[in-house]
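The values are calculated or read from the model by the stated rules, or taken from the named source; none is laboratory data. Remember, it's a predicted structure, so these values are computed and weren't measured experimentally. Reconstructed Cβ throughout: ideal geometry from the backbone, glycine too, with neighbour counts over all protein chains shown. Side chains are part of the model used for accessible areas, which takes the heavy atoms of the whole protein and leaves out ligands, DNA and RNA. Shrake-Rupley method; radii C 1.70, N 1.55, O 1.52, S 1.80 Å.
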Amino acid sequence: MAGTATAPARPPGDERLGRRSPLRRLLGRPELGALIGAIVLFAFFSAVADAFRQAGSFSTVLYASSTFGIMAVGVSLLMIGGEFDLSAGVMVTTSALVAALVSYQLTLNVWAGVAVSLAVTLALGFLNGLLYVRTGLPSFIVTLATFFMLAGANLGVTKAVTGNVASDSVRDMDGFASARSLFASSVDIGGVNVSVTVFWWLAFVAVATWLLLRTRPGNWIFAVGGAADAARAVGVPVARTKIALFMGVALCAWFLGMHLLFSYATVQSGEGVGNEFYYIICAVIGGCLLTGGYGSAVGGAIGAFIFGMTNKGIVYAEWNPDWFRFFLGAMLLVATALNLVVRRRVERSG
Amino acid sequence: MSALIGLAGVGKHYGNVIALRDVSLAVDAGQVVCVLGDNGAGKSTLIKIISGLHRPDAGTYEVAGEPVAFGSPREALDRGIATVYQDLAVVPLMPVWRNFFLGAELRRSFGRLDIAAMRRTTRDELAGMGIDLRDVDQPIGTLSGGERQCVAIARAVHFGARVLVLDEPTAALGVKQAGVVLRYVARARARGLGVVFITHNPHHAYPVGDRFLVLKRGRVLADRAKDAITRDELTALMAGGAELDELAAELSGTGTGTGADAG
Ligand SMILES: Nc1ncnc2c1ncn2[C@@H]1O[C@H](COP(=O)(O)OP(=O)(O)OP(=O)(O)O)[C@@H](O)[C@H]1O
Ligand SMILES: [Mg+2]
């Protein structure tokens with residue numbers, strides 16, 4: 001901070017000033033607990049699994065992290081804004097299905113499907129937000145409802161249109177190659193194939209971080225999550241901010257949906273159910289406060305990285321992958337407890 | 001010249017709870033109007049109407065002689081009516097400077113926040129009020145009640161309020177901190193602001209007030225200029241006169257603790 005060094009100019013009574021040490025500042029970061037957890041986990045898996053240490057494995061871990069991490073960006077911002085979106089998992093599938101069905105059934109360039117899907121998915125996010133704002137019901141309930149509706153519609157519409165539980169392959173449609181290179185290609189870095197989603201993930205996190213900390217809407221996100229009434233009272237457009245946050249989740253869902261579609265060319269209509277909890281776990285492990293008002297996009301990213309490491313690390317360590325969820329649950333407990341401790345300490349010693 | 005704000009015959013109910021009935025009030029520039037009343041008298045409800053959070057169910061609300069029907073606090077703010085709420089309208093986990101500028105953030109090109117300027121302004125404005133914060137980056141929830149109150153008031157004044165509405169700004173404060181706030185209210189009046197000052201405490205109201213409106217169960221019990229009422233009369237009105245005598249009689253045997261701050 002500028003100016004704190006010119007002590008003589010300050011009026012008396014400033015013996016309280018006691019500058020905050022850099023360490024204390026670091027401790028005040030929401031993602032600190034997650035960062036420590038990630039390092040510990042990384043060291044742990046490196047020690048127990050030889051395969052984990054290979055560059056190719058790391059790239060696989062990063063890929064898994066990125067697909068969850070992209071969603072965790074939107075979900076983290078929404079959580080900082082004080083809300084949940086339980087429809088986030090199936091919305092990814094809805095998004096992919098819309099693009100696949102529209103391009104295939106109407107024999108259009110896949111980019112047309114991509115565009116329609118973007119509009120439809122954003123509209124779904126808008127609807128989530130509007131329902132929340134208008135009904136005043138908890139977002140948990142509103143999005144639980146849209147979760148079931150989307151899950152049902154995914155299956156129902158796909159079966160009605162294709163007579164099958166999966167969409168028809170769009171591999172031979174116009175524009176597939178270019179769409180694939182944008183959403184689902186990989187880049188060779190020093191002999192290791194790194195999925196393009198990893199770079200998109202980093203870009204999403206960077207943009208979200210900038211938005212949160214350096215722009216007015218970011219200020220509003222913290223405010224509506226921390227104290228919505230207070231925010232409203234000083235003129236923050238609370239309803240608009242919340243709706244935009246739901247649309248942010250939808251945007252991430254659209255992106256991931258496009259990735260899945262252009263990776264596999266076809267979409268299984270029953271996919272996505274349950275993933276919404278993984279996204280929420282990433283955000284929470286990353287230090288976002290469940291009750292809103294506190295957290296970071298970087299934290300969500302670290303949460304996703306922890307998720308990816310655990311997911312793949314168990315495989316590389318040749319453990320029974322059935323235990324993955326057990327570990328995830330345990331980690332969730334540890335991470336939230338750790339976050340709580342860190343935050344309390346910082347608040348007390350201000 | 002018409003008053004800065006004027007309410008006439010205002011009423012408000014929540015479901016079947018009648019919170020306010022037939023209340024009138026006018027605030028001129030450079031005038032402090034104190035609204036007093038017991039818990040549940042309707043003080044906060046009145047404030048919420050003035051600040052645009054609620055619309056009255058009956059009566060009229062005028063700003064500078066012009067009828068208004070605010071749809072949000074933002075609209076009231078745009079007309080220069082700034083409110084500091086009992087619960088302070090701050091976001092506890094956010095830094096002091098972000099709270100100070102919340103809803104009116106300074107920006108540079110590309111919508112970037114002008115963080116340096118906001119930090120500086122926050123520190124300067126608060127220093128100007130005699131509040132020297134350790135660190136404008138600390139979460140506002142970690143400040144003392146008095147400090148938080150002063151941040152909230154300084155914020156309203158900084159953003160060009162013409163009418164300052166204060167909902168029990170001294171209720172949670174110690175004697176000295178309350179003095180700081182009262183002095184600040186007097187300073188705001190001297191700058192030509194109109195002030196609506198809500199309080200339980202006639203001892204806080206009397207020194208700074210120019211006019212006193214006493215509410216009871218949502219109705220106006222008294223509406224007097226300062227020269228038409230003494231401090232004791234005001235205190236008696238507040239406590240409900242006879243009730244206070246009764247209380248005094250009741251407590252006379254046991255030894256009393258009525259010297260305590262009524263906040
Ligand atoms: N949102 C609400 N819904 C229902 N009743 C309400 C609501 N807000 C206030 N009331 C009722 O309206 C009446 C007036 O409340 P108000 O908050 O205006 O009182 P007050 O004078 O500010 O009291 P205090 O000194 O305790 O702050 C009370 O009886 C209260 O219970
Ligand atoms: Mg009140």
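Can you sort B:135, B:232 by 1.4 Å-probe accessible area, starting with the largest? Intermediate values should be presented prior to the final figure.
Numbers: B:135 15, B:232 115 Å².
Of B:135, B:232, the descending order of accessible area is B:232, B:135.
Would you tell me the accessible area of residue A:229, worked out with a 1.4 angstrom probe on the heavy atoms of the protein chains, in Å² to the nearest 10?
The accessible area comes out at roughly 110 Å².
Just to check I understand the Karplus step: with θ = phi - 60° and J = 6.51 cos²θ - 1.76 cosθ + 1.60, what whole-Hz values come out for the range A:95-108, glycine and proline as x?
Going residue by residue, I get 4, 5, 5, 4, 4, 5, 5, 4, 5, 6, 5, 9, 6, 9 Hz, with x marking Gly and Pro.
Would you calculate, for chain A, the mean residue ellipticity at 222 nm contributed by helices, counting each DSSP H stretch of 4 or more residues as -39,500 (n - 2.57) and dividing by all residues, to the nearest 500? Intermediate results must be reported in sequence, preceding the final value.
Working: 14 runs with 245 residues, N = 350.
Theoretical 222 nm ellipticity from helices: -23500 deg cm²/dmol.
Summing both sides, how much accessible area is buried between A and B? Use a 1.4 Å probe and give Å² to the nearest 100. Show your work: numbers first, answer last.
Details: alone 16860 and 12870 Å², together 27020 Å².
Chains A and B together bury roughly 2700 Å² of accessible area.
How big is the Rg/Rh ratio for chain B, C-alpha atoms only, Rh by Kirkwood, two decimals? Write out the running numbers ahead of the final one.
Values: Rg = 19.2 Å, Rh = 19.4 Å.
So for chain B, dividing Rg by the Kirkwood Rh gives 0.99.
Work from the charge dipole of the range A:31-339 (Cβ charges, +1 for Lys and Arg, -1 for Asp and Glu, about the Cα centre) and give the residue of A:141, A:330, A:92 farthest towards its positive end.
A:141
For peptide A:214-223, what's the mean number of Cβ atoms from other chains within 10 Å of each residue's Cβ?
Numbers: counts 7, 6, 10, 2, 4, 10, 3, 0, 6, 8.
Per-residue shielding by partner chains comes out at 6.
With only Lys, Arg, Asp and Glu charged, each at its Cβ (+1 for the first two, -1 for the last two), find how big the charge dipole of chain B is about the Cα centre; round to the nearest 20 debye. Don't jump to the answer; show the numbers that get you there.
Values: 30 positive and 29 negative charges, 196 e Å.
The calculated dipole for chain B is roughly 940 debye.
Viscosity 0.890 mPa s, temperature 25 °C: Stokes-Einstein D of the range A:201-320 from its Kirkwood Cα radius, in µm² per second?
Numbers: Rh = 16.2 Å.
The diffusion coefficient I find is 152 µm²/s.
Treat every Asp and Glu Cβ in the range B:20-174 as -1 and every Lys and Arg Cβ as +1, leave all other atoms uncharged, and give the resulting dipole magnitude about the Cα centre to the nearest 20 debye.
Numbers: 17 positive and 19 negative charges, 107 e Å.
That gives the range B:20-174 a dipole magnitude of about 520 debye.
Given 10 Å bins starting at zero, what is the percent of C-alpha pairs of the range A:31-339 in each, up to the one with the largest pair distance?
Bin by bin from 0 Å, the calculated values are 7, 27, 34, 24, 8, 0.
In the range A:102-211, carbon and sulfur make up what percent of the accessible area (probe 1.4 Å)? Can you show the working numbers first?
Working: 4040 of 5780 Å².
Reported share for carbon and sulfur atoms: 70 percent.
Please give the calculated 222 nm ellipticity per residue for chain B, where each DSSP H segment of at least 4 residues contributes -39500 (n - 2.57) and the sum is spread over every residue; nearest 500 deg cm²/dmol?
Working: 9 runs with 91 residues, N = 263.
Calculated from helices alone, the mean residue ellipticity at 222 nm is -10000 deg cm²/dmol.
Sorted from largest down, what three extents in whole angstroms do the Cα atoms of the protein assembly as shown have along their principal axes?
Sorted from largest, the Cα extents of the protein assembly as shown read 89, 56, 53 Å.
Which whole number gives the average count of other chain Cβ atoms within 10 Å of the Cβ atoms across peptide A:231-242? Please report the intermediate quantities before stating the final value.
On the way: counts 6, 6, 17, 19, 13, 7, 3, 1, 0, 0, 0, 0.
Mean partner shielding for this stretch: 6.
With a probe of 1.4 Å, find how much accessible area chain B has per residue, and write the answer as a whole number in Å². Mind dumping the intermediate values first?
Working: 11510 Å² over 263 residues.
I get 44 Å² per residue for this part.
Tell me, what is the per residue accessible area of chain A in Å², probe radius 1.4 Å? Show your work: numbers first, answer last.
Details: 15500 Å² over 350 residues.
Per residue, chain A has an accessible area of 44 Å².
Can you pull the mean other chain C-beta count within 10 Å for peptide B:133-143?
Details: counts 3, 7, 8, 1, 5, 5, 7, 1, 4, 5, 1.
Shielding by partners across B:133-143 averages 4.
Among B:190-203, A:273-286, what's the highest-first ranking by average C-beta atoms within 10 angstrom per residue?
Values: B:190-203: 20.9, A:273-286: 24.2.
Going by the mean number of other Cβ atoms within 10 Å, highest first, we get A:273-286, B:190-203.
Ordering B:96, A:102, A:161 by how much accessible area each has at a 1.4 Å probe, largest first, what is the list?
Working: B:96 0, A:102 30, A:161 65 Å².
From most accessible down to least: A:161, A:102, B:96.
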